[in-house]
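**Q** Would you mind keeping the following structure in view while I ask a few things?
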Amino acid sequence: AVQLDAADALRRRSAMLACAQDPVDALDAVGFEFSQRADRTFDDQADPWNAAWQPLSPVTLALRRGGGGQILRDTGRLSASITHLVQGDEVRVGTNVEYAATHQLGRASNRMFGRGAAPIPARAFLPIREDGRPELPSDWERSAIDIVGNLLEAARDGA
């Protein structure tokens, strides 16, 4: 004999619907994951699609504090500034560091500090292509789907 507990099934369904109708927790979890993934690009010295960043130029290496050679990690300010913000039904991941866009997208010339006109190569740390177009890597997309699925499961099972 099969027994069904309709009240329990309705409680679980209600919990899942409530989770789906108020996505703040899911968006916050996805934003946190994406912030962590962006931070890991600095450790890996590769963009979100796993392409290695262009190495530092000899001029940049010579100007570095202590001659350190880790790309985009002179002070750590940029990587430490990556955060996320949930607004309504979306999450934004980014930074407020003024030079972030230069490193993300590159720049045709570098006239800062009298360094001359050498280009600054794009070294993406967020899933935004050089043309400014967002493009979520498949592993980032899978992690977002997994996070949302786990939250829905937890809502279903915890009701």
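No lab work stands behind these numbers, since they all come straight from the coordinates. Small disclaimer: the values here were computed from a predicted structure and weren't measured. A quick note on method: Cβ atoms are made from the backbone with ideal geometry, for glycine too, and the neighbour counts reach across all protein chains shown.
**Q** At a Förster distance of 35 Å, what's the computed FRET efficiency of Asp74 paired with Ala7, Cβ-Cβ distance as r, to 0.05?
**A** Taking R0 as 35 Å, the efficiency between Asp74 and Ala7 is 0.05.
**Q** May I pose another question? Once amide H atoms are placed 1.01 Å from N in the peptide plane, what residues at a sequence separation of 5 or more from Arg129, or on another chain, have their amide H within under 5 Å of its amide H?
**A** Glu135
**Q** Using 7 Å Cα-to-Cβ label points, what is the Thr60/Asp39 separation (nm, one decimal)?
**A** Between Thr60 and Asp39, the simple spin-label model gives 2.3 nm.
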